[in-house]
1. In whole percent, what relative contact order does the range 17-130 give with Cα contacts below 8 Å and a gap of six or more residues?
2. Under a Cβ-Cβ cut-off of 13 Å, what is the net charge of the residues other than SER37 that fall near it, where Lys and Arg count +1 and Asp and Glu count -1?
3. Obtain the nm distance between the two label points defined at SER95 and ARG154 by a simple spin-label model: each point lies 7 Å from its Cα along the Cα-to-C-beta direction.
4. Relative to the first principal axis of the alpha-carbon coordinates of the chain, what is the inclination of helix 43-57, with its axis defined by its Cα atoms, in degrees from 0 to 90 and to the nearest 10?
5. Rounding to the nearest 10 and keeping the result within 0 to 90°, find how far the Cα-based axis of helix 109-130 lies from the longest principal axis of the chain.
6. What is the projected area of the convex hull of the Cα atoms of the range 1-145, averaged over all directions, in nm²?
7. As a test of the formula, what do you get for the chain when each DSSP H run with n ≥ 4 contributes -39,500 (n - 2.57) and the sum is divided by the residue count, at 222 nm and rounded to the nearest 500 deg cm²/dmol?
8. Taking R0 as 22 Å, what's the FRET efficiency between ALA58 and THR18 from their Cβ-Cβ distance, rounded to 0.05?
Amino acid sequence: MDTTQQPAERAALEALITADMREMSSESDQIGRVFASSRDLRPNDFRAILHIMVAEAAGRPMTSGDLSHRIGLSGSAITYLVDRLIESGHLRRDSHPNDRRKVVLRHGDAAAATAQSFFGPLGVHARAALRDLPDADLVAAHRVLEALIAAMRRFQGELGADPD
């Protein structure tokens, strides 16, 4: 850790980073709403697909029960939501990789294709925005984001919410 900064300078820098995170979250939320609206997805449909894709990418298989807890919907509401998303090709059910008695949710081909067609241009903008930054800056930014994600998960745990 860099201890050369004065406490006030450090606090100001941390405040800038947390303000940036709030702004990034706000922008992401707005883009997600535009995406959902343009694809005739309900807000909870988009949230469900996003949670499943994030869990899948992190190697944490998600069950319907996990999704119900993450989104805050009843079991019957999640069943209805999942069934609709499976019927539309956005989700699929697979056997749990470690427990064949359980069923996990995975994003379907329709979700991947739909997301790629919409978010592909965002990826182009992101790569362009990062192009001139040195790898060392990107490594440091990744460490900062990991630390903030871990802090948010700890906070969720304190609130009684399952962070995973």
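1. Once divided by the residue count of the range 17-130, the mean separation gives 20 percent.
2. On the way: positive: ARG33, ARG39, ARG42; negative: ASP29, ASP40, ASP45.
Net local charge, SER37 excluded: 0.
3. Output for this residue pair reads 4.0 nm.
4. On a 0 to 90 degree scale, this one is about 70.
5. The two axes meet at around 10 degrees.
6. Taking a quarter of the hull surface, the average projection is 11.6 nm².
7. On the way: 6 runs with 115 residues, N = 164.
Rounded to the nearest 500, the figure is -24000 deg cm²/dmol.
8. Taking R0 as 22 Å, the efficiency between ALA58 and THR18 is 0.45.
Every number in this text was worked out from the coordinates using simple rules, so none of it is lab data. If you're wondering where the values come from, they're calculated on a predicted model, not measured in any experiment. Virtual Cβ from ideal backbone geometry, glycine too; neighbours counted across all protein chains shown.
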